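The values are calculated or read from the model by the stated rules, or taken from the named source; none is laboratory data. Because the structure is a prediction, the values reported are computed rather than measured. Cβ placement follows ideal geometry from the backbone for every residue including glycine, while neighbour counts extend to all protein chains displayed. The protein model used for the area step is the full one, side chains on, heavy atoms only, and it has no ligands, DNA or RNA in it. Shrake-Rupley method; radii C 1.70, N 1.55, O 1.52, S 1.80 Å.
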Amino acid sequence: MPAKQLHLFTLPKPLEQRLGKSFFSTVPRCPGVYVMTGQSARVLYVGQSGNLRARLASYKNALPDRCPRKIIRLVHQVTSIVWEKCDSAQAARLREVHLLQLYRPKFNRVGVYPKAYGYLWLRQQTESVELGRTHSPPADAEVFGA
């Protein structure tokens with residue numbers, strides 16, 4: 001069993017100090033997305049959850065001996081959090097993807113840049129076949145599946 005760190009003083013909760021205890025009790029228990037911003041309203045992190053209140057409470061209660069350093073650095077830089085309710089968890093995931101690509105936050109790594117898809121095209125000439133590759137769908141291409 002790993003040794004547990006003993007603390008002489010209670011560790012600070014930076015989000016609770018900056019936003020107040022009442023802020024976290026007003027967060028709804030529903031699916032949605034949240035945006036954490038820092039100084040100069042710079043977007044630091046975008047996330048989604050099926051239960052916004054539980055997810056944001058995990059940041060409020062982040063302790064250095066239980067959370068990754070990345071999370072601890074994040075909560076010390078956050079100055080405000082805004083959330084947006086969504087109809088379902090799937091809608092929240094889609095909204096998160098949109099916001100990630102829009103803001104490209106410092107603390108997000110996955111999904112920040114859109115996937116680059118390649119397209120292959122095939123064109124039949126009178127006596128030959130031409131094959132090519134492009135990053136955007138050809139205008140004269142027929143799309144299969146969906």
| request: Go through the range 6-40 and give me each residue that's part of a helix (DSSP H, G or I) and small (G, A, S). | output: S22, S25, S40
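Does S40 satisfy the criteria of being touching a residue at least 12 places away in the same chain (Cβ under 8 Å), out of contact with any helix residue (DSSP H, G or I) (no Cβ under 6 Å at 6 or more places or on another chain), more than 30 Å from L6 (Cα to Cα) and open to solvent by 40 Å² or more (accessible area, probe 1.4 Å)? Give the derivation first.
Details: touching a residue at least 12 places away in the same chain (Cβ under 8 Å): no; out of contact with any helix residue (DSSP H, G or I) (no Cβ under 6 Å at 6 or more places or on another chain): yes; more than 30 Å from L6 (Cα to Cα): yes; open to solvent by 40 Å² or more (accessible area, probe 1.4 Å): yes.
It is false that S40 is touching a residue at least 12 places away in the same chain (Cβ under 8 Å), out of contact with any helix residue (DSSP H, G or I) (no Cβ under 6 Å at 6 or more places or on another chain), more than 30 Å from L6 (Cα to Cα) and open to solvent by 40 Å² or more (accessible area, probe 1.4 Å).
Taking the range 2-41, which residues are among the hydroxyl-bearing types (S, T, Y) and either over 17 Å from V82 (Cβ atoms) or more than 24 Å from the chain's Cα centre (by Cα) (or both)? Explain how you work it out, then say what you get.
To start, the set of residues in the range 2-41 that are among the hydroxyl-bearing types (S, T, Y) comprises 10, 22, 25-26, 34, 37, 40.
Within the range 2-41, T10, S22 meet the criteria.
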| Matching residues in the range 109-126 - criterion: being out of contact with any Gly (no Cβ under 8 Å at 6 or more places or on another chain), in contact (Cβ under 8 Å) with a residue 12 or more places away in the chain and open to solvent by less than 100 Å² (accessible area, probe 1.4 Å) | G111, V112, P114, A116, G118, Y119
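Taking R55, is it at pLDDT 95 or above and touching a strand residue (DSSP E or B) at 6+ places or on another chain (Cβ under 9 Å)?
Values: at pLDDT 95 or above: yes; touching a strand residue (DSSP E or B) at 6+ places or on another chain (Cβ under 9 Å): yes.
Yes: the conditions hold for R55.
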